[in-house]
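Student: Pasting in a structure now, in C-alpha cells, and then I'll have a few things to ask.
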Amino acid sequence: MPQDTAEVTATDDDAMRDFDTAPAEDLLPALTELSGSAGWARAVLGGRPYRSRTALHTAARRVLAEQTETEVLSAVDAHPPIGPGAAASSPPVGGASAREQSAAATGDAELARRLADGQRRHAEHFGHAFLVCASGLSAREIVDELDRRIALDPAEELACTRDHLARINALRLDRLLDTGTL
C-alpha cells in the first residue's frame with residue numbers, strides 16, 4: 001500500500017534529523033565506505049545540519065566537485081571494476097557495488113569480454129579505472145558507456161567520472177537514510 005505524502009515527509013524528516021544529529025564518529029565509517037573517500041565523508045559531516053535530502057545531495061556534490069583529481073581517483077580506486085565477481089572481491093565499497101551492478105551481469109561471453117577489454121583499455125588510456133553508476137544499467141549499456149567515454153579527452157573523462165561518482169554517492173546516501181545501511 002503506498003504511503004501518503006505526509007507519511008513520506010515525516011519519515012524523510014526523521015531520517016534527516018537522525019543523520020544531522022548522529023555522532024560524527026558513528027557516521028564517518030559509513031560515509032567513507034559509501035564514497036570510498038574519508039576526506040569527502042569528513043567534509044560532508046562538517047556541513048551538518050542539512051535538514052533535507054536536497055541540501056545533503058547538493059553539499060555532497062559540491063564537496064566532490066571541490067576535491068582534487070587525486071582525491072577523486074583515490075575514491076574511484078575504492079570501487080571494484082564492473083564485471084562478474086569483481087565487486088565481491090573488492091574491499092571498501094564492494095558490497096554496495098555488487099548490489100548496484102547486479103543488472104549488469106551477463107551470460108554473454110562476448111559482451112563480458114568487451115567489458116573486460118574496454119576497462120583495460122580505459123585504464124591504459126586514462127591512467128585510472130573506469131567508473132560508472134551501474135544501477136539500472138544492463139551490461140550492454142555499460143559497454144556502450146565505456147566505448148563512448150574512451151573517446152573523450154582526459155578532462156572530459158574526469159568530469160564524467162566525477163558525475164558518476166556523485167550519482168553513486170547520492171544513491172547510497174538515500175539508501176543510508178532509508179534503511180540505515182549501504
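Student: Modelling each spin label as a point 7 Å along the Cα-to-Cβ direction, I'd like the I150/D174 distance in nm, to one decimal.
Tutor: 3.1 nm
Student: Full extension from E66 to R51: what is 0.36 nm times the residue separation minus their Cα-Cα distance, to one decimal in nm?
Tutor: Value of the extension gain: 3.2 nm.
Student: So, with a 1.4 angstrom probe, what is the percent of accessible area on the stretch 123-182 that is carbon and sulfur? Provide the component values of the computation, followed by the final result.
Tutor: On the way: 1400 of 2620 Å².
About 53 percent, which is the carbon plus sulfur part of the accessible surface.
Student: If you plug each phi of the stretch 38-46 into the Karplus form 6.51 cos²θ - 1.76 cosθ + 1.60 with θ = phi - 60°, what whole-Hz ³J(HN,Hα) values come out, in order, with x for Gly and Pro?
Tutor: Here the 3J(HN,Hα) series is 5, x, 4, 4, 4, 5, 5, 4, x Hz.
Student: Give me D for the stretch 105-168 in µm² s⁻¹, whole number, from Stokes-Einstein with Rh from the Kirkwood sum over alpha-carbon pairs, 20 °C and 1.002 mPa s.
Tutor: 179 µm²/s
The values are calculated or read from the model by the stated rules, or taken from the named source; none is laboratory data. Just so you know, these numbers come straight off a predicted model, no measurement behind them. For neighbour counting, all protein chains shown are included, and Cβ atoms are generated from backbone atoms with ideal geometry for every residue, glycine included. The area values use the complete protein model at the heavy-atom level, side chains included, leaving out ligands, DNA and RNA. Shrake-Rupley method; radii C 1.70, N 1.55, O 1.52, S 1.80 Å.
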